[in-house]
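Okay, structure first, notes after.
The values are calculated or read from the model by the stated rules, or taken from the named source; none is laboratory data. All figures in this text were calculated on a predicted structure; none of them were measured in a lab. All Cβ positions, glycine included, derive from the backbone under ideal geometry; neighbour counts span all protein chains shown. Areas reflect the complete protein model, heavy atoms only, side chains present, ligands, DNA and RNA absent. Shrake-Rupley method; radii C 1.70, N 1.55, O 1.52, S 1.80 Å.
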Amino acid sequence: MARPEHRPRKRFGQNFLEDVQVLRSIAHCIAPREGDHLVEIGPGLGALTAELAGNSGPLTLVELDRDLVPRLQQQFAGRPQLEIIQQDALKLDFSSLQPRPLRVVGNLPYNISTPLIFHLLEQSQCIADMHFMLQKEVVDRLTAPPGSSHRGRLSVMVQYHCHTEKLMEVPPEAFNPAPKVDSAVVRLVPRACPWQADKPENLEKVVALAFSQRRKTLRNTLKNLFNSDQLEAAGVDPGDRAEQLGLQQFVELANRLGK
Ligand code: SAM
């Protein structure tokens, strides 16, 4: 039966990926192995799903738009081990999905991408890796090394939990409707950071304060927490700006807080 036309809904961030080469390249980057449990967030009209559904392992689709669910059911009818969950991914308990670990993928609605990444990082013990299409600017921030002008709070907090890698850039024309911004695909692989913060909330506090006025030196931005001698004792140059610090230095500062 022919599927009725679906009009993209702005409120759900619906920019459907139509470029076949890009879809194949993303699937190639994900490279599902036999038995992998793939979880796609926002399958939409099923374009990326179709590239992934040939893999034999469990496939879970999480879609907020209830009008798209019957289409997906029809399109992938008969695909073994398929589960379609009509829910807001921000509210889904990913750790309840079995079997683990999960390989999470998605061309994400850009308006929820940052809260969604943090929601997933809270459950990272059940996740092997994540591949997301995001606004290019967000991918540049996620992957920014120390010294990069893209480096900010998002870079440090996500890199504390994950290895991050930019895989490819995607122009607006690959989508329908075309978004106003360039996009890029990022790979996030959860891992234990070599430097552990005794209290993660202290790391959040130091990072947030350090980047609160990113043009100022750490001597200024962190003055309510550390004096210059204390910064130097932690291996930090008080004349540096936040973007110049590596993870190890942020963790060192967090672990000295209150001592
Ligand atoms: N994967 C499809 C593609 O590549 O063409 C669609 C991508 S579109 C950018 C984002 C998709 O996420 C839409 O299908 C939208 O309905 C869905 N979505 C939006 N907000 C969501 C949420 N909070 N939870 C789950 N899915 C959501």
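Given the -39500 (n - 2.57) contribution per DSSP H run of 4+ residues, what per-residue ellipticity at 222 nm results for the chain, rounded to the nearest 500 deg cm²/dmol?
Calculated from helices alone, the mean residue ellipticity at 222 nm is -8500 deg cm²/dmol.
Quick one: check the C-alpha center-to-center distance for region 59-127 versus region 19-43, whole angstrom.
Taking the Cα centre of region 19-43 as reference, the centre of region 59-127 is 13 Å away.
Express the carbon and sulfur contribution to the solvent-accessible surface of region 185-259 as a percent, rounded to the nearest whole number, probe 1.4 angstrom.
Carbon-and-sulfur percentage of accessible area, whole number: 44.
Over its Cα atoms, what ratio of radius of gyration to 2.2 N^0.38 Å does region 96-198 give?
1.09
When the Cα centres of region 205-225 and region 240-259 are compared, how far apart do they sit, in Å?
10
With every protein chain present, what is the per residue accessible area of the chain (1.4 Å probe, Å²)?
Ligands and nucleic acids excluded, the figure is 49 Å² per residue.
Need one number: % antiparallel among DSSP beta bridges in the chain, to the nearest 5.
Of all bridge pairs located within the chain, approximately 45 percent are antiparallel.
Could you give the nm distance between label points at residue 208 and residue 125, where each point is 7 Å from its Cα heading toward the beta carbon?
About 2.4 nm separates the two model spin labels.
Can you list the equivalent-ellipsoid semi-axes of the chain, largest first and in whole Å, using the square root of 5 times each Cα gyration tensor eigenvalue?
Equivalent-ellipsoid dimensions as semi-axes: 39, 19, 15 Å.
What lysines does residue 10 reach when the alpha-carbon gap must be under 27 Å and sequence neighbours fewer than 8 apart in one chain are set aside?
Counting by Cα, and skipping residues close in sequence, residue 10 has these lysines nearby: 91, 136, 166, 180.
If each of residue 69 and residue 98 carries a label point 7 Å out from its Cα toward its Cβ, how far apart are those two points in nm?
Each label point is offset 7 Å from its Cα along the Cβ direction, giving 2.2 nm.
Counting only C-alpha contacts under 8 Å and six or more residues apart, can you give the relative contact order of region 70-164 as a whole percent?
For region 70-164, the relative contact order is 23 percent.
If contacts are Cα pairs under 8 angstrom and at least 6 residues apart, what is the relative contact order of region 13-131 in percent?
About 28 percent, as a whole number.
With an 8 Å Cα cut-off and a minimum separation of 6 or more residues, compute the relative contact order for the chain in percent.
Over the chain, the number comes to 16 percent.
Local charge sum around residue 129 (other residues, Cβ-Cβ under 14 Å, Lys/Arg +1, Asp/Glu -1)?
In short, +2.
What are the aspartates and glutamates whose alpha-carbon lies under 14 Å from the alpha-carbon of residue 199, with same-chain residues fewer than 8 places away excluded?
The qualifying aspartates and glutamates are 252.
Around residue 120, what is the net charge, scoring Lys/Arg as +1 and Asp/Glu as -1 over all other residues with Cβ under 15 Å from its Cβ?
Net local charge, residue 120 excluded: 0.
What is the packing order of peptides 98-107, 126-135, taking the mean over residues of other C-beta atoms within 10 Å and listing the highest first?
Taking the mean over residues of other Cβ atoms within 10 Å, the ranking is 126-135, 98-107.
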